[in-house]
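Single-structure report; data block below.
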Amino acid sequence: MNAAEYLPQVYDELRKLAGAKLATEKPGHTLDATALVHEVFLKLGGERSFASRSDYLKAAAEAMRRILVDHARARNAAKRGGNRRVALESEHLAISRPEDADATEALDAALIALAADQPQIAELVQLKYFGGLTLAESAKVLGVSARTVDTWWAYARAWLAVKLGDSR
């Protein structure tokens, strides 16, 4: 099926996820949940084919990540530096200062570095944080056991804590 056929099936889910992600942004954000989902659809291309719903959600998570990171970079074009601290919680990643777009850029840079050594673990973080999937859903999308995903998630949280300078 192509992206245009999957969108109606997952639209509400993507919109809720986009709303949750945008709720952590500064007030006055130029994107709203609907606009973000539509940007994801445009980035995926309406005619692009996907083997399964999981593949579509995986691609949507990547697209949402790219859009939010690009938006953060645009907001920060005039300034550099600042607080790059990211808090890691047991069930999900949460940017400790959501209004700080530098944290989004720092997380993106860390994920790129993680992907160089551990691509599947970086993909797990992307699915969980940007895609909003649970660990069980992520295991299914990645085609690995729940135990493997639990191990990867623990590793990812620790690795990102070190990489991003979490001092907890």
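Here the extension length gained between Arg73 and Asp12 equals 19.2 nm, from 0.36 nm per residue of separation less the Cα-Cα distance.
The residues neighbouring Ala122, those whose beta-carbon lies less than 12 Å from its own, together hold a net charge of -1 under the Lys/Arg +1, Asp/Glu -1 convention. Taking 7 Å steps out from each Cα toward its Cβ at Glu47 and Thr134 produces label points 3.9 nm apart.
Computed from the coordinates by the stated procedures, all read-outs in this text should not be read as laboratory data. It should be emphasised that the depicted structure is a prediction, and the values quoted were computed from it without experimental measurement. Cβ sites come from the backbone with ideal geometry, for glycine too, and all protein chains shown count toward neighbours.
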